[in-house]
Amino acid sequence: MSKIVLFWHRRDLRLHDNAGLAVALQSGLPVVPLFIYDREILDQLPSRRDARVTFIYDEVERLGRQTEQAGGTFLAFYGRPLEVFAQLVQHYEVAGVYTNEDYEPYAAVRDAAIAELIKPAGTEFRVFKDQVIFAKNEILSKSGTPPRVFGAYSKTWLAALRDEHLVPYPSTEHFVESNLMPLAEAAPRPTLEQMGFERYEQFVPAAELPAAALVSNYHNTRDKPGLVNSSTRRSVHLRFGTLSVRELMQQAKELNPKLLNELIWRDFFMMILWHYPFTATESYDPRLRLVPYRNNEDEFRAWCEGRTGYPLVDAGMRELNQTGYMPNRARIAAAGFLVKHLLIDWRWGDRYFADKLLDYDMSQNVGNWQWMAGTGAVAAPWFRVYSPQSQQEQYDTTFDYVRQWIPEFGTRDYPTPIVEHKFARERAIATFRAAYQAAG
Ligand SMILES: Cc1cc2nc3c(=O)[nH]c(=O)nc-3n(C[C@H](O)[C@H](O)[C@H](O)COP(=O)(O)OP(=O)(O)OC[C@H]3O[C@@H](n4cnc5c(N)ncnc54)[C@H](O)[C@@H]3O)c2cc1C
């Protein structure tokens with residue numbers, strides 16, 4: 001059998017505008033695309049009924065059908081990546097494993113181990129930048145260090161942007177029979193049931209660019225969670241790569257600088273996690289690692305269930321629990337309330353969001369949680385405590401959002417506030433200040 005190149009899809013479940021796939025298809029060797037349902041990740045999920053696994057499964061099957069229609073074979077495995085590649089390089093003559101970069105701490109360690117594992121078989125491991133515009137060390141401050149403040153980062157990012165950064169990669173054009181390898185004896189792809197999962201579908205908008213009218217008006221609507229189509233709802237597609245970030249960036253660049261700015265935040269948090277993997281579980285700011293959080297479990301449960309008596313927080317949490325999505329403004333209110341008003345460790349909230357969000361992405365979640373807690377690589381000081389009531393009045397003036405998710409709002413059945421705002425604000429500031437000063 002002739003030599004092949006394996007293309008490993010991870011956070012890039014699409015054929016079009018796929019950086020690594022485009023290079024693999026132009027390598028001169030036939031390509032076999034594959035996906036691994038990684039047990040290191042799946043075995044840790046709290047439920048076997050997970051909308052993200054269902055979403056991934058459907059997208060992998062779609063890629064499988066597209067590959068077969070083009071004359072190739074798409075492999076899928078349920079296992080541990082190291083074991084899967086150990087077998088693949090034994091079974092086939094694999095010249096290279098090509099894949100797109102993944103900046104999470106687990107992925108960095110896993111990829112390094114796979115590169116070492118396959119080297120003795122003469123197989124090279126090649127990675128390509130695909131899910132961000134600028135990665136790793138591409139945006140640095142004048143002193144050569146990663147900017148710790150978003151303002152400086154985005155200024156440098158915008159100055160560095162050239163048209164070519166947003167040009168799509170020609171992966172679809174090269175996805176043709178002559179560049180693919182059909183494998184006669186390939187094992188069938190595992191089904192959801194065989195992997196022990198139940199189907200669980202949640203609403204996800206189509207993996208296409210949002211309407212131009214929505215994007216043009218985005219800056220006026222994005223902070224109004226009660227409006228239909230207030231924001232793009234494309235986060236889940238950026239997370240799994242069913243939409244190319246270059247396409248969305250191009251549209252944002254043409255139509256709306258505010259949307260472009262939000263997408264730069266996404267690059268920023270990916271860069272931060274890559275540089276500082278410890279921030280996945282530790283405060284970026286060392287002076288805020290020993291905040292004496294109260295961590296009251298009853299209050300945490302009330303927050304999780306949307307029973308705090310603060311309607312924007314509760315509506316957001318109920319939407320999250322029912323749909324796997326929460327608008328950004330509600331995420332801000334809910335996160336700020338948990339850390340500051342209830343004095344519960346941001347990592348508890350980060351974990352809860354990780355279990356529930358369809359668009360959960362470690363870099364974005366940790367970055368935003370630390371931003372709200374005031375502990376992160378951001379200029380959001382720890383003494384900022386938003387009033388959830390004022391936020392409600394400002395962003396859901398008509399109470400449309402609140403009524404949509406809290407049917408008993410305005411009746412006796414809706415709880416009274418779990419804590420009084422002024423008291424909680426002063427307590428939070430005193431607690432954070434003491435921790436900050438104690439750390440010197
Ligand atoms: C506490 C907290 C946790 C969050 N956790 C996640 C997460 O796990 N995954 C995730 O993708 N986003 C997360 N966000 C960021 C943001 O809330 C979502 O990206 C956004 O709500 C998704 O909806 P959308 O696609 O309609 O966003 P839009 O407003 O339409 O924005 C378009 C895209 O820009 C990016 N973006 C927008 N806001 C932010 C932001 N604050 N930070 C970084 N990127 C942003 C996203 O990729 C988003 O899809 C979190 C925000 C907070 C405050």
>> Suppose each label sits 7 Å from its Cα in the direction of the beta carbon; what would the Asn229-Thr191 distance come out to in nanometres?
In response: 3.8 nm
>> Suppose R0 equals 56 Å. What FRET efficiency, 1/(1 + (r/R0)^6) with r the Cβ-Cβ distance, do Ala434 and Thr397 give to the nearest 0.05?
In response: 0.90
>> With just the Cα atoms defining each centre, how far is the stretch 200-278 from the stretch 297-327? Give it in Å.
In response: 23 Å
>> Output wanted: per-residue J couplings in Hz (rounded whole) for the stretch 313-330, from phi through Karplus 6.51 cos²θ - 1.76 cosθ + 1.60, θ = phi - 60°, x for Gly and Pro.
In response: 5, 5, 4, x, 5, 5, 4, 4, 5, 8, 10, x, 10, 8, x, 4, 5, 6
> Rounded to the nearest 0.05, what FRET efficiency is calculated for Ser141 and Glu305 with R0 set to 56 Å and r the Cβ-Cβ distance?
Replying inline: 0.85
> Can you give the angle from 0 to 90° between the axis of helix 346-356 and the longest principal axis of the chain, with both taken from C-alpha atoms, to the nearest 10?
Replying inline: 50 degrees
>> Just to be sure I understand: with springs between alpha-carbon atoms less than 10 Å apart, which residue in Ala206, Ala184, Ala152 has the highest mean-square fluctuation in the Gaussian network model of the chain?
In response: Ala184
> In terms of modelled amide H atoms, which long-range or inter-chain residues lie less than 5 Å from the amide H of Phe128?
Replying inline: Thr99, Asn100, Glu101
>> Modelling each spin label as a point 7 Å along the Cα-to-Cβ direction, I'd like the Asn217/Glu124 distance in nm, to one decimal.
In response: 5.1 nm
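Kindly provide the chymotrypsin sites (Phe, Trp or Tyr not before Pro) of the stretch 154-217 that DSSP labels as loop, not H, G, I, E or B, and whose Cβ sees at most 13 other Cβ atoms within 10 Å.
Phe203
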>> Can I get the semi-axes of the stretch 90-207's equivalent ellipsoid? Compute them from the C-alpha gyration tensor as square roots of 5 times the eigenvalues, in angstrom, largest first.
In response: 34, 22, 19
> Kirkwood hydrodynamic radius of the stretch 4-130 from all distinct Cα pairs, in Å?
Replying inline: 15.0 Å
>> How tilted is helix 362-373 with respect to the longest principal axis of the chain? Cα atoms for both, answer in degrees (0 to 90, nearest 10).
In response: 10 degrees
> In whole Å, what is the distance between the alpha-carbon centres of the stretch 345-364 and the stretch 1-60?
Replying inline: 23 Å
> Given a cut-off of under 8 Å on Cα pairs at least six residues apart, what relative contact order in percent is computed for the chain?
Replying inline: 17 percent
> Carbon-plus-sulfur fraction of the accessible area of the stretch 1-67, 1.4 Å probe, in percent?
Replying inline: 50 percent
> Under a straight-distance cross-link criterion of Cα-Cα below 27 Å, which lysines are reachable from Lys142, leaving out those fewer than 8 residues away in the same chain?
Replying inline: Lys129, Lys155, Lys253, Lys258
>> Can you show me the helix-derived [θ] at 222 nm for the chain, built from DSSP H runs with n ≥ 4 at -39,500 (n - 2.57) apiece and divided by the number of residues, rounded to the nearest 500.
In response: -13500 deg cm²/dmol
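Which order do the peptides 113-122, 259-268 come out in when sorted by mean C-beta neighbours inside 10 angstrom, highest first?
With the highest mean Cβ count within 10 Å placed first, the list reads 259-268, 113-122.
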> If you average 1/r over all unlike Cα pairs in the stretch 286-435 and invert the result, what Kirkwood radius do you get in angstrom?
Replying inline: 15.4 Å
>> Per 0.36 nm of contour for each residue apart, how much would the distance between Leu82 and Glu420 grow if the chain were fully extended, relative to their Cα-Cα spacing?
In response: 116.5 nm
> Ordered by residue, what ³J(HN,Hα) values in Hz, to whole numbers, does the stretch 217-226 give under the Karplus form 6.51 cos²θ - 1.76 cosθ + 1.60, where θ = phi - 60° and Gly and Pro are x?
Replying inline: 9, 3, 5, 8, 10, 4, 9, 10, x, x
>> Please report the equivalent ellipsoid semi-axes of the chain, computed as sqrt(5 x eigenvalue) of the Cα gyration tensor, largest first, in whole Å.
In response: 40, 24, 22
>> With angles folded into 0 to 90 degrees, how steeply does helix 245-255 sit against the dominant principal axis of the chain? Use alpha carbons for both and round to 10.
In response: 60 degrees
>> Probe of 1.4 angstrom, ligands and nucleic acids ignored: what's the accessible area per residue over the chain, in square angstrom?
In response: 44 Å²
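The values are calculated or read from the model by the stated rules, or taken from the named source; none is laboratory data. From a predicted model like this one, the values you see are computed outputs, not experimental measurements. Backbone-built Cβ (ideal geometry, glycine too); neighbour counts: all protein chains shown. When the accessible area is computed, the model is the full protein with side chains, heavy atoms only, and any ligands, DNA or RNA have been set aside. Shrake-Rupley method; radii C 1.70, N 1.55, O 1.52, S 1.80 Å.
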